[in-house]
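**Q** Below: one structure in structure tokens.
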Amino acid sequence: MTLLQERKTTIPVRPGARHRPSWLGTAILLVGAIYCLLPIAWVVAAATKNGSDLFTTFTFAPGTGFAENLGDLSANGGGIYWQWLANTAIYAGVGGALSALVSGISGYTLAKYRFAGRSAIFNVLLAGVLVPGITLAVPQYLLLAKVGLTDTYWSVLLPQIISPYGIYLARIYAAAAVPDTVVEAARTDGAGEFRIFARVALPMMVPGLVTVFLFQFVAIWNNFLLPFIMLSSDDKFPVTVGLFTLLNQGSTVPALYSLVIIGSLLSIIPLIVLFLTLQRHWRTDLISGAVKG
Amino acid sequence: MNAPATTGRTRKGTAPRGVPYVFLAPAIILFTLFLLLPIGYAIYLSFRRVKVSGLGLGKGARTEIWAGLDNYATALGDPELLGSALRVLLYGLVLIPLMLGLALLFALLLDAPRVRFGRFAKLAIFLPYAVPGVIASMLWGFLYLPAVSPFNYVLDAAGLPEPNMLSGGSVFLAIVNIAVWGGVGFNMIVLFTSLRAVPGEIYESAQLDGASDLQIALRIKIPLLMPSLIMTTVFSLIATLQVFTEPLTIRSLTNSISSTWTPLMKVYRDAFSQNDIYSAAASSVVIALVTLVLSFGFLRLVSRQAFGGENR
């Protein structure tokens, strides 16, 4: 970095050179954007078609069957689709929040206390990042089966609270955002250690913990194998496992394809809305390692 | 940061002794229960097998006994596991350079001063990250289905032959495409954010020296991005070796994907369809070891080249 700082001379660049648009670059980005939006545009169009239109009309042409599809989806299995959405919200919401909390207090402790075994504990936790999480799902299932916890909400919720990556991020963030002097001052004022964490450090760590929450929220929402293995009764399924079972039945009952399509659309809308509203709170500099600790 | 002016006494770590351990207890307990214990249990199971006595009926007819390395010998000699491993290796060799190459291209373009519609493109390309793998595979699966696909519709209208993306060899590319679609935006954002952390003066002085945008990208920006590129590569590597959801979902739309198409699919089939948790455990341990060796190996390899002088 020293080399870079030496050249810190700000001389204005020729104004014309900066503002002439680069059409090639713009075109490449727009092609990328279209590629990424294409399946989403398709599902919006397809959700409006009834079963026969789906296979006969041009795929991006809208149909008139949206209300009909919605009704069919709600009627399917006594409205179980809505149960699946609620389950997903519980798994991802509660799991993400608990994960952010556990990561927060662990990251804070690892950043702000000096104690025996500190680096050993951190290194073991950190190694957990490299352990292929999904290969754990089978032994996790076998262990939870032994204590009779499979096919419960707990079997999906509990394994996903611990996030080595979340602890790592929280530690980086605590080191940067919570000054030692503030902790010392609170201690001098006679505040208890937990009180210092909850009242002083935690509020300072909120932006970083929002990022940890969002990561874990998306990770749980995306994790298919764990609920797929753990759960057998369909009223506990998250929406991904539920739609997957519908799709599988669809190979014999093609009418179910319309339900899968509108179900997919409805399931991604909340997440897209969450993304667009919360995107400014993503501290992506944390993951790219640009935070100076 | 803005520290209040209460300096003068630095009694670092004068908290009561047990406090850090109490604070870390939830993490340590959960880590032990849901990471260490399952790992240990998988290793234990991988050395066991069932011994069936008599007809295998009744209580006590099936007993678990020590199997030594039998399960490992079976797993390593299993043509199905080897085949799926080679398939996933090839999949990673196509996917990772393609996905990270596109992510890098998009990140550099977003950071380029003369590109328009950057904000829109950034959001649009990031959006697939919000779509779970199962849903993404369903959407693409329908787009691949010849009866529904807009591509086939257009080709048909033009009188051209229609490819079937879900047949034989194409299904491999079909799954690579789903993974690229889902992963490019996230990696782009990570790379873009690290580009933004670089002070702009560097580029200005390079411009004064007569460097073009392309030269700046190649000579300055990409070298500065090396740490982020290494990290995104490691995470992509770990995710690649565990590919499961996408092929499993596409499998319901075609019969060109076997039930052991990827190593994890084989583990799943062994454990749950064939009730052979012992060889499933051995295969899991092998997959975990290969993942660790590859990611550590990659980190060591590049850290020697990329961070020569820095101590990391």
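**Q** Determine, yes or no, whether A:SER119 is crowded, with 20+ Cβ neighbours inside 10 Å, in a helix (DSSP H, G or I) and either among the hydroxyl-bearing types (Ser, Thr, Tyr) or without any contact (Cβ under 8 Å) to a residue 60 or more places away in the chain (or both). Quick ask: steps written out before the conclusion?
**A** Values: crowded, with 20+ Cβ neighbours inside 10 Å: no; in a helix (DSSP H, G or I): yes; either among the hydroxyl-bearing types (Ser, Thr, Tyr) or without any contact (Cβ under 8 Å) to a residue 60 or more places away in the chain (or both): yes.
Here the answer is no, as A:SER119 does not meet what is asked.
**Q** Does region A:202-215 contain at least one residue that is more than 8 Å from chain B (Cβ to nearest Cβ), more than 30 Å from B:TYR129 (Cα to Cα) and open to solvent by less than 20 Å² (accessible area, probe 1.4 Å)?
**A** If we filter region A:202-215 for residues that are more than 8 Å from chain B (Cβ to nearest Cβ), which is where we start, we get A:202-215.
Filter once more, so that each one left must be more than 30 Å from B:TYR129 (Cα to Cα): none.
Checked region A:202-215: no residue is more than 8 Å from chain B (Cβ to nearest Cβ), more than 30 Å from B:TYR129 (Cα to Cα) and open to solvent by less than 20 Å² (accessible area, probe 1.4 Å).
**Q** Name the residues in region B:108-125 that are at the interface with chain A (Cβ under 10 Å from one of its Cβ atoms) and part of a helix (DSSP H, G or I), would you? Steps first, please.
**A** In the first step, residues of region B:108-125 are kept if they are at the interface with chain A (Cβ under 10 Å from one of its Cβ atoms); the result is B:108-110, B:112-118, B:120-125.
Passing the criteria: B:LEU108, B:LEU109, B:LEU110, B:GLY118, B:PHE120, B:ALA121, B:LYS122, B:LEU123, B:ALA124, B:ILE125.
**Q** How many residues are within 24 Å of A:THR211 (Cβ to Cβ) and open to solvent by less than 50 Å² (accessible area, probe 1.4 Å) if we restrict to region B:187-219?
**A** At the first step, the residues of region B:187-219 found to be within 24 Å of A:THR211 (Cβ to Cβ) are B:187-199.
Filter again for open to solvent by less than 50 Å² (accessible area, probe 1.4 Å), leaving B:187-195, B:197-199.
Summing the residues that are within 24 Å of A:THR211 (Cβ to Cβ) and open to solvent by less than 50 Å² (accessible area, probe 1.4 Å) in region B:187-219 gives 12.
**Q** Pick from region A:143-168 the residues that are in a helix (DSSP H, G or I) and buried (at least 24 other Cβ atoms within 10 Å of the Cβ): which of them is farthest from the other protein chains (Cβ to nearest Cβ)? Steps first, answer last, please.
**A** Taking region A:143-168 as the starting set, the residues that turn out to be in a helix (DSSP H, G or I) are A:143-146, A:153-160, A:164-168.
Within this subset, residues satisfying the condition of being buried (at least 24 other Cβ atoms within 10 Å of the Cβ) are A:156, A:159, A:166-167.
Values: A:VAL156: 12, A:PRO159: 4, A:GLY166: 10, A:ILE167: 6 Å.
For region A:143-168, the residue satisfying everything is A:VAL156.
**Q** Does B:VAL180 count as at pLDDT 85 or above and more than 8 Å from every other protein chain (Cβ to nearest Cβ)?
**A** Numbers: at pLDDT 85 or above: yes; more than 8 Å from every other protein chain (Cβ to nearest Cβ): yes.
When the stated conditions are applied, B:VAL180 passes them.
**Q** Does A:PHE224 count as among the aromatic types (Phe, Trp, Tyr), more than 30 Å from A:ASN87 (Cα to Cα), touching a residue at least 12 places away in the same chain (Cβ under 8 Å) and open to solvent by less than 20 Å² (accessible area, probe 1.4 Å)? Show your work before the answer.
**A** Details: among the aromatic types (Phe, Trp, Tyr): yes; more than 30 Å from A:ASN87 (Cα to Cα): no; touching a residue at least 12 places away in the same chain (Cβ under 8 Å): yes; open to solvent by less than 20 Å² (accessible area, probe 1.4 Å): yes.
Here the answer is no, as A:PHE224 does not meet what is asked.
**Q** Right, something else. Looking at region B:167-176, can you tell me whether even one residue there is assigned to a helix (DSSP H, G or I) and small (Gly, Ala, Ser)? Before the answer, list the steps.
**A** Our first condition is that a residue be assigned to a helix (DSSP H, G or I); within region B:167-176, this holds for B:170-176.
Among the residues that remain, those that are also small (Gly, Ala, Ser) are: B:170, B:174.
Yes, region B:167-176 has at least one match.
**Q** While we're here: Restricting attention to region A:169-179, which residues are outside any helix (DSSP H, G or I) and either away from chain B (no Cβ under 11 Å) or open to solvent by 10 Å² or more (accessible area, probe 1.4 Å) (or both)? Steps first, answer last, please.
**A** Kept after step one, since they are outside any helix (DSSP H, G or I), are these residues of region A:169-179: A:178-179.
Answer for region A:169-179, where residues must be outside any helix (DSSP H, G or I) and either away from chain B (no Cβ under 11 Å) or open to solvent by 10 Å² or more (accessible area, probe 1.4 Å) (or both): just A:PRO179.
**Q** Go through region B:106-128 and give me each residue that's open to solvent by 30 Å² or more (accessible area, probe 1.4 Å) and within 26 Å of A:ILE268 (Cβ to Cβ).
**A** Passing the criteria: B:PHE117, B:ARG119, B:PHE120, B:LYS122, B:LEU123.
**Q** Still on this structure: Only one residue in A:ALA116, A:ALA127, A:ALA97 is among the hydrophobic types (A, V, I, L, M, F, W, C) and within 30 Å of B:PHE298 (Cα to Cα). Which one?
**A** Details: A:ALA116 fails: within 30 Å of B:PHE298 (Cα to Cα); A:ALA97 fails: within 30 Å of B:PHE298 (Cα to Cα).
None of the other options fit; the residue is A:ALA127.
**Q** Is region B:140-158 home to any residue that is open to solvent by less than 20 Å² (accessible area, probe 1.4 Å), aliphatic (A, V, I, L, M) and facing chain A (nearest Cβ under 7 Å)?
**A** Within region B:140-158, the subset open to solvent by less than 20 Å² (accessible area, probe 1.4 Å) is B:140-144, B:148-150, B:152.
Right, trim to aliphatic (A, V, I, L, M) and you get B:143, B:148.
This time we only want the ones that are facing chain A (nearest Cβ under 7 Å), so: B:143, B:148.
Yes; the residues of region B:140-158 include at least one that is open to solvent by less than 20 Å² (accessible area, probe 1.4 Å), aliphatic (A, V, I, L, M) and facing chain A (nearest Cβ under 7 Å).
**Q** Among what's in region A:250-275 and is more than 23 Å from B:ILE125 (Cβ to Cβ), at the interface with another protein chain (Cβ under 9 Å from one of its Cβ atoms) and at pLDDT below 90, pick the residue that is least open to solvent (accessible area, probe 1.4 Å).
**A** My answer is A:GLY250.
**Q** Residues of region B:265-283 being open to solvent by less than 10 Å² (accessible area, probe 1.4 Å) and polar (S, T, N, Q), which ones?
**A** Across region B:265-283, the qualifying residue is only B:SER283.
**Q** Is at least one residue of region A:218-238 of a type in the set (Val, Ile, Thr), closer than 22 Å to B:ARG251 by Cα and out of contact with any His (no Cβ under 6 Å at 6 or more places or on another chain)?
**A** Going through region A:218-238, the residues of a type in the set (Val, Ile, Thr) turn out to be A:218, A:220, A:229.
Then drop every residue that is not closer than 22 Å to B:ARG251 by Cα, which leaves A:229.
Next cut, out of contact with any His (no Cβ under 6 Å at 6 or more places or on another chain) only: A:229.
Yes: region A:218-238 contains one or more residues that are of a type in the set (Val, Ile, Thr), closer than 22 Å to B:ARG251 by Cα and out of contact with any His (no Cβ under 6 Å at 6 or more places or on another chain).
**Q** Can you name every residue in region B:69-102 that is farther than 24 Å from B:SER236 by Cα and loosely packed, with under 13 Cβ neighbours inside 10 Å?
**A** Matches in region B:69-102: B:LEU69, B:ALA73, B:GLY77, B:PRO79.
The values are calculated or read from the model by the stated rules, or taken from the named source; none is laboratory data. Predicted, not measured: the structure shown is a model, and the values here were computed from it. Here Cβ is always computed from backbone atoms with ideal geometry, including for glycine, and neighbour counts include all displayed protein chains. With ligands, DNA and RNA removed, areas are computed over all heavy atoms of the protein, side chains included. Shrake-Rupley method; radii C 1.70, N 1.55, O 1.52, S 1.80 Å.
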